[in-house]
Structure formats: structure tokens, C-alpha cells
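First up is the structure itself, then whatever we jot down about it.
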């Protein structure tokens, strides 16, 4: 049976949701002319109250702000398995990093196709293998592939029990290589990739090496910034186009 205190706290939490974004209200909390609340993130983005459509005011709900500062918030992803309960100044940061936060299928971002899958990060690898096998490969150390240049190669790679997006693209006589980690952004820099281009008799080669970036970053921006692996295509064209990951 649910305790009275727990039920009361959940009742308060239901009143601490912004009617526009449905996230928890965080100070400063302002009111419309009819007394409805709106969060500090949505306030500059909307012209009228999302609850009643009336004009928004600059009057703050100081009483509710006090309640918000003293409440403990359950993670919005508790239905997916998260059991964290945190203070208001910690819950939003937790939401961004929560491992139970639902993810969309990563094939949507590179515009390689459409997919309606939404699920946990821990289930993503299985989904990719089952539904998008032609876009994926398992990393095997020292495995080589014969390629043509100039080229654009992109693939999802399974390595170290993680999922990465691997892309090479040529532009202005330069081959740019990016490996993006699909997971919490702060973990991306823990991984480094090295790609060796060698001829068939291993007498000549070239290497691209760099830290991985986060899948949350736009890979076109990464290419433009040059913060990735780079290799001159003139040098690469002298090889027999065999790539060793």
C-alpha cells in the first residue's frame, strides 16, 4: 500500500510540471493573468498561457518556487526502469545523462532511412542488428576491406560492447574520418580510433587516428572544423586501397 507521504509528494510533483514542455518547473516560475504557471525555459518562447490562452505576466509564484526547491523529484524515465530521486537543481542534469532515457533509432540522423523505433540504449544494438543489418558490422581487430577512392564510407560499428558510427568522406583532396560514439556524450572521449590504409603486400601505408566524438555532434560541423582524422587523397591513391580497422 502506498504511504500517505509518498502519495502527497506525488500529488505535489504533478503540480510541478510545466503545461508547455511537461518538464518539471524550475525557478523562476512565472504566472499568467489567471494564475497558471509556466517554466523559466518556456516563458521566453511563448506569447500566451498554454493552459488558458491568456496573457502571461512577469509575476513570480514565490510559494511554488519554495516548494520546488525543497521537493525530491523522481526521474521522468522511472517507467523505463530508473529509480533515481533527486533535488530540483540536479534532476535536469540527470535527465540528460539518464541511461534509461528513451533513444530514437540512430539511422534516422545520418538520413540513411527512416525508422520509428524508440527504446533504451541497452536495446539499440539488438535493434540495429535485427532491422538494419546491412548498415552494421562487428569490429574485428586487424580485419581489412578493399575500398575505392575517392570515397564516402559510413557504417555502424559494434566494438567494446558499444555502438559507434563510422564515416569517411573525401573533400578538396582530403579524406576526413570520423568515429562517433552513440551513448552519453561525456563518454565519447574515452575511445580512440585508428585506421590504417595499406597496399596488398604491406610495403606502404598511411594511418588516420583521432579521439571519437559524440553522436550528438553534427558530423558536417566536425568535418568543417577539421577536428577529426585527416589524410591527403594524393597519398592514399598511391596505395591499393585496402583499409585495416
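The values are calculated or read from the model by the stated rules, or taken from the named source; none is laboratory data. It should be emphasised that the depicted structure is a prediction, and the values quoted were computed from it without experimental measurement. So basically every Cβ, Gly included, is an ideal-geometry build from the backbone, and we count neighbours across all protein chains shown.
Numbers for the structure displayed
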item	result
Residues of region 89-107 that turn out to be modelled with pLDDT under 85 and in contact with a strand residue (DSSP E or B) (Cβ under 6 Å, 6 or more places away or on another chain), as a count	1
Any hit, region 61-77, residues being surrounded by 13 or more Cβ atoms within 10 Å (Cβ to Cβ), modelled with pLDDT of 85 or more and under 30 Å from residue 217 (Cβ atoms)	yes
Those residues of region 38-63 which are touching a strand residue (DSSP E or B) at 6+ places or on another chain (Cβ under 9 Å), in a helix (DSSP H, G or I) and farther than 26 Å from residue 98 by Cα, in sequence order	none
Where residue 83 falls short, out of the listed (1) farther than 25 Å from residue 160 by Cβ; (2) surrounded by 11 or more Cβ atoms within 10 Å (Cβ to Cβ)	(2)
Residues (surrounded by 16 or more Cβ atoms within 10 Å (Cβ to Cβ), in contact with a strand residue (DSSP E or B) (Cβ under 7 Å, 6 or more places away or on another chain) and in a loop (DSSP other than H, G, I, E, B)) located in region 28-37	29
Residue 52 vs. criteria within 22 Å of residue 16 (Cβ to Cβ) and crowded, with 17+ Cβ neighbours inside 10 Å	no
Any strands (runs of 3 or more DSSP E) falling wholly within region 65-144 and containing at least 1 residues that are free of Cβ contacts under 8 Å to residues at least 12 places away in the same chain	none
Residue 22 vs. criteria closer than 30 Å to residue 131 by Cβ and surrounded by fewer than 17 Cβ atoms within 10 Å (Cβ to Cβ)	yes
All positions within region 208-229 that are more than 17 Å from residue 153 (Cβ to Cβ) and in a helix (DSSP H, G or I)	221, 224, 225
Cβ-Cβ under 7 Å pairs, at least 6 apart or on other chains, region 202-218 side in the same structural domain as residue 168 (by TED's automatic domain parsing) and under 13 Å from residue 185 (Cβ atoms), far side in a loop (DSSP other than H, G, I, E, B) and modelled with pLDDT of 85 or more	212/191; 215/182
Among residues of region 175-207, those that are within 20 Å of residue 162 (Cβ to Cβ) and not in a strand (DSSP E or B), counted	10
Tally, over region 108-132, of residues that are under 27 Å from residue 80 (Cα atoms), surrounded by fewer than 13 Cβ atoms within 10 Å (Cβ to Cβ) and modelled with pLDDT under 90	3
Single residue of region 218-230 satisfying the filter (crowded, with 16+ Cβ neighbours inside 10 Å and at pLDDT 80 or above) that is farthest from residue 108 (Cα to Cα)	229
